[in-house]
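Every read-out reported here was derived from the displayed coordinates using simple, explicitly stated rules and does not represent laboratory data. Please read all numbers here as calculations on a predicted model, not as lab measurements. Reconstructed Cβ throughout: ideal geometry from the backbone, glycine too, with neighbour counts over all protein chains shown.
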Amino acid sequence: MPDSVTTPPSNYYDQVPYESHPFPQTAAEHLEAIAFLFGLEAPPPATARVLELGCASGGNLIPFAARHPGAAVVGVDLSAGQVRTGQDAVERAGVTNLRLRHQDITGIDESFGQFDYIICHGVYSWVPPAVQEAILRVCSRNLAPQGVAYVSYNVYPGWKSREIVRDAMILRGSPRGEPDEKLSYARGMLEFLDQSARPGSVLKSTLDEMLPVVRTASPSYLMHEFLEPHNAPCYFKEFVARAGNAGLAYFADAEPATMFVQNYGEQVRGPLLRECGGSQQMMEQYLDFLVNRSFRQSLLVRQERASQIRYRLDPDRLRQLEYAGVFFAEDGGALTLDAREQPCHALRNLKVTLRLPVHKAVALVLDERYPASVTVDALVQAVADRTGEPRATVDAFVMAMLEELLILGAVRIRRAPADAAVHVPELPRALASVRSAPDLALSAGAQAYACNQWHEQVPLSVIERCLLPLLDGEHSHEALAEFLAGEARAERLRFIKDEQPLTEEEALRDFTRQQVALALKDLRRKGLLTAA
């Protein structure tokens, strides 16, 4: 049910700015690693040319450009207002290798240049067909020979039920004037339907699934996902065919764990492998039906590279990757190097059960180093040292476990080391762009976030916000503690103990030293302290 009074896209995005922040699955470091995993070489991100289509105010590009000053980064967006906001943010961050341009995607041609990585997140499904064609055309003609393109989009069958919600919201919300009013009336429509829907009906089931999202998601997300003038989901096979017509070949999802049929159980694995005859794309389309998938993040390369794609994981390539992971025992206890079964939580809240000492040693080494990554060679040596077994004995166990964890999605991979500190340095350092973030000031609001070395947005505590601007590699822990004590003396910070403000000098110094130690430990774990 399209809006009867459509708004030009540029005006719509000026009225309702899209939240602009980092998306880890779009990071060039991640795309390079996924390409390598499936048999393809991609340019090193440190010196890559990167283009983002629909970059909003640059929140996804600024952290990448700051991490890699040798890269050349360009973002385009149809909203002049968001581009202006982004240009101010680029200047504040001190980033000199990023240009944001007010640009219509349909106006990009070969003269725009070629790029090693082209990113288009949250745009394709939300624009008219002519712009969709332009996105794929740019991803093809402006992609360097070894380049990788990322395009996200809404898909069926999951969006079949969501369209009921969208149509109902538009019916009541679209006639209203201001965006806030539209959203308020649209939400009210769903509350009315939820009260009136017949138990057990398709409508009731759909509302049970979607109302928690509508009640808790940000206004920006809801306006763009459900009330935007354009929203055109498609089936995965349709998107792959469109990409093929534009000269592109699909090779992977940005979340590769979704591609491995063994993650769906043996009763699915056997029949699907027989039914799909070795076709990865057909198997993934079947899986979309199985899980009622509603969103995809497809990675594309030039069509002439299709013959290089390999879906059988190559042990030699697995050895050339860097790995990072988090593991902690479900019962809160320590991992013990014995044969006792220990269920653990891993990244993305996945659960794994560790049974052998060698497997527990792998988990311990990865977790202790996290968020820093580790090479296979260093990991095997560390596991051999922990278990007392020869390297040759543990090597096969380590490789089998890494492959299993990778398929499950319980480890992160990179081609080059993540620039994250393994230990808290004596003179801690964070990237200049993180230290100068405008929302660090306590006056900027109750919440603040920063982008870490894994291109994730992580929340910051009050103490972390106070310390980050000083983490330039020149301030000792003692100097940081003295700074906090000075802020307390000036009454810009208040430290409470036994329901009373800390004012006695020795107690204040002891307390601020403790706070610095805790904050630096957390900042390291959050991936905000660099290795050098």
**Report entry** Inverse mean reciprocal Cα-Cα distance (Kirkwood Rh) of region 319-378, Å
**Finding:** 11.8
Query - Computed over region 293-448, Cα set: Rg, Dmax in Å - result: 19.0, 57
Report task. Only residues of region 216-231 count here: report those whose backbone N is under 15 Å from the spot 7 Å along Cα→Cβ of D194, or say none. Result -> 216-218
Query raised in the report: With a Cα-only, solvent-free Debye model of region 158-226, what are the log10 I(q)/I(0) values at q = 0.16, 0.20, 0.23, 0.25 Å⁻¹?
Result: -0.49, -0.76, -0.99, -1.16
Query raised in the report: So what's the convex hull volume per residue for the Cα atoms of the chain, in Å³?
Result: 190
Query raised in the report: What lysines could a cross-link reach from K351, if we take a straight Cα to Cα line under 29 Å and drop same-chain neighbours fewer than 8 places away?
Result: K360, K521, K526
Query raised in the report: What is the extension gain from D104 to K204, computed as 0.36 nm multiplied by their sequence separation minus the C-alpha to C-alpha distance, in nm to one decimal?
Result: 31.9 nm
Query raised in the report: Which value in deg cm²/dmol, rounded to the nearest 500, describes the helix-derived mean residue ellipticity at 222 nm for the chain, given -39,500 (n - 2.57) per DSSP H run of n ≥ 4 and division by the residue count?
Result: -13500 deg cm²/dmol
Query - Paramagnetic label zone (point 7 Å from Cα along Cα-to-C-beta, Q447; backbone N under 12 Å) in region 207-223 - result: 216-220
**Report entry** Pairwise FRET efficiency - S111 versus R340, Cβ, R0 = 51 Å, nearest 0.05
**Finding:** 0.20
Report task. Give me the net charge of R162's neighbourhood, meaning all other residues with Cβ under 10 Å from the Cβ of R162; Lys, Arg count +1, Asp, Glu -1. Result -> -2
Requested in this report: Sticking to Cα atoms, compute the Rg of region 432-525 to one decimal and its Dmax as the biggest Cα-Cα distance, whole number, in Å.
Outcome: 13.5, 41
Query - Per-peptide average of other Cβ atoms within 10 Å, ordering 462-472, 107-117, 423-433 highest first - result: 462-472, 423-433, 107-117
Report task. Note down the nm distance, to one decimal, between modelled labels 7 Å out along Cα→Cβ at L356 and at A217. Result -> 4.4
Report summary line: In order over region 217-224: 3J(HN,Hα) from phi, Karplus 6.51/-1.76/1.60, θ = phi - 60°, whole Hz, x for each Gly or Pro, gives 6, 5, x, 4, 4, 5, 4, 7
Query raised in the report: Roughly how many nanometres apart are two label points built 7 Å out from the Cα toward the Cβ at Q280 and E404?
Result: 2.4
Query raised in the report: If you find the alpha carbon centre of region 304-325 and of region 455-512, how far apart are they in angstrom?
Result: 45
Requested in this report: Rounded to whole Hz and in sequence order, give me ³J(HN,Hα) for region 338-354 from the Karplus expression 6.51 cos²θ - 1.76 cosθ + 1.60, θ = phi - 60°, writing x for Gly and Pro.
Outcome: 9, 8, 6, 5, 9, x, 10, 9, 10, 4, 6, 6, 6, 10, 10, 10, 9
Query raised in the report: Between R49 and residues 5 or more places away or on another chain, which pairs have amide H atoms under 5 Å apart, with H built 1.01 Å from N, and which residues are they?
Result: A72, D116, Y117
Query raised in the report: At q = 0.18, 0.23, 0.29, 0.33 Å⁻¹, what log₁₀ I(q)/I(0) does a Debye calculation on the Cα points of region 285-325 give, no solvent, two decimals?
Result: -0.91, -0.98, -0.95, -1.04
Query - Two-site label geometry, R92 and E389: point separation in nm, points 7 Å out along Cα→Cβ - result: 5.2
Requested in this report: Amide H neighbours of L248 under 5 Å, at least 5 residues apart or on other chains, H built in the peptide plane: list them.
Outcome: Q303
Report summary line: Residue separation between V422 and Y311 times 0.36 nm, minus their alpha-carbon distance, gives in nm 36.7 nm
Query - Residues R67, R355, sorted so that the one with the fewest Cβ neighbours within 10 Å comes first - result: R355, R67
